[in-house]
Structures are given as C-alpha cells and as structure tokens.
Amino acid sequence: MKLLKKNISAKDGSGAVLLRPETPEDLWHSYNLLQVGDLVRCTTLRKVVKESSTGSTSSNKVRMSLTIEVTKVDFDPSSLQVRLSGPNREESEHVRMGAHHTLTLELDRNFSIEKSCWDQIFLDRIEEACHPERAAELAAVVMSPGLAHLCLASSGHKHALDDIFSDPAIMSQITETKVAKEVMVLNKFMRMIDLDPDRAFYGYEHVRVANEQSAVDSLLVTDELFRNSDLFHACFGDTVATGVGSGCYFAVSSPRLGGIGSGSCPKRYR
C-alpha cells in the first residue's frame, strides 16, 4: 500500500488519507479501514444518458470521480474486490447529490478515506499496510486447485489457515508470534466455555458489563461489531486504547467466534 497523502487533525483526529493499493493484500487492508459513515472518493464508471434537441437519447459509460458516504462495504476474497455503496455526497456533473452508487476499489487506483475521527486502531492499520515487513512474523502458502497464495499472517487469506493453526506441532514452532498468541487466546476462550463457563462472557451486553467492571482479560470482537464504529468505540474504545488485562485485543473473521456472539472475553475472575 502506498500512502500518498495524510491530513489528520492532531486536535480531534478528523481528516483524510489518500491511498493506492498495489497488491491483493492491500485490498484486504483497505476493507479493514472502511466503516459506515466514512466518505470515500475514487474514480468509477457510470452510465450517462444524454437527450438531444430532437428528444432522442443516447447513453455511454463515463469515468468520473465520486465521493460517497459509506452505508455498506463488502470484501470478496475469491475475486479480491472491495465494494462499497452509499449516497453521493459531492456535486457532480453527471450524478445528483444523494443518488445511490456502488464503488469498487481497484489495484493501482488511488482512493481517499475521510473520517470524523481516526483513532489509533486505524492509524496502526495504515502503518501495517504500508510497511508489512515490520509487522509480519509468519508467512504461509495457501493452496487451492490451480492457485497458490503466499500471504503474511495478517492476510485476507488468514481464514484459510485455521487447520494449520489448530496443529499443536506447528503452533509450538510459532508460539512467540502475534498471530499465534491471538489463536491461543481464541482457543483458550473456547475451552473456557466448556470448562469454566462462569468466566466466559460472550454477547454484547455481557461483555459490556464485564468491561465496566474492569474484568476483561482479553477482548475478541467480530469484524461486524468492529465496523459498527459508534457501538464499538462507545463501549470498548477506551479499553482498547489503554489495553485490556493481557493486552490482547483483536477483530476476527473466524466463524467459531461469530457463531457465539459479536463480542467475547475471558474474565480475569469469576
């Protein structure tokens, strides 16, 4: 990822960044930077209909720059595409204000993200995306018929590594890496549900109460909750900023956690 421009206020954290994704991995990072309410600007193709003086019409596709307010964002790992949709928020010759449009982030095409507040989680994500060699502690090859992905532990293909991370022999060799610690916390929580359920809190309300009691040992949240910026940061923003008990916080896309609740945490005590 190339960071082309950064203009963020030191006073309130508002501002925008201009980015250029250069690898498929960068599109995964882009997806993780986006939230509902963000303003995103990039070029797109739009069908434009023109009417002549005689009343006849003609249409053609025009490449233009649009700024939309994000209402929905999706990442397709098979096609490695990020699609975001929402209403147009900037005057355009061809698109009226408020008209709904879908943008697709593409490799080697610049786009900007404007947020009302860039907190440290997102700033760290940009740093990781622009300097992956600083954060990567593990590389893996994910194989599929006719295709192989060489990816870092923070990759968008990380979901495909679940079987590898469940192998004790492999985990013993990577025990000091960040991703291994995250997997161990998740596995510890799943075991706690069976063996010590009084300390295994899951679901938004239960985790919120544990957070208010300063009883959170580790905080695990799903991508879905993390993207609900108002709810997540109102409830857990301070916890993430100051560090939870073991200092371990991460957003995961694992169906193991998603099937339990959007937020989960092992408590420090019963």
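Give me D for region 27-71 in µm² s⁻¹, whole number, from Stokes-Einstein with Rh from the Kirkwood sum over alpha-carbon pairs, 25 °C and 0.890 mPa s. Before the final figure, lay out the partial values.
Numbers: Rh = 13.0 Å.
Rounded, D is 189 µm²/s.
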Next item on the list: Note down the Stokes-Einstein diffusion coefficient of region 45-96 in µm²/s, whole number, using a Kirkwood radius over alpha carbon pairs, 10 °C, and 1.306 mPa s.
Entry: 119
Notebook entry, point to check: Say the cut-off is 25 Å between C-alpha atoms; which of 61/115; 11/72; 2/115; 11/115; 115/188 go over it?
Noted result: 61/115; 11/72; 115/188
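Throughout, read-outs are computed from the coordinates displayed, never taken from laboratory work. Remember, predicted model here, so these are calculated numbers, not experimental data.
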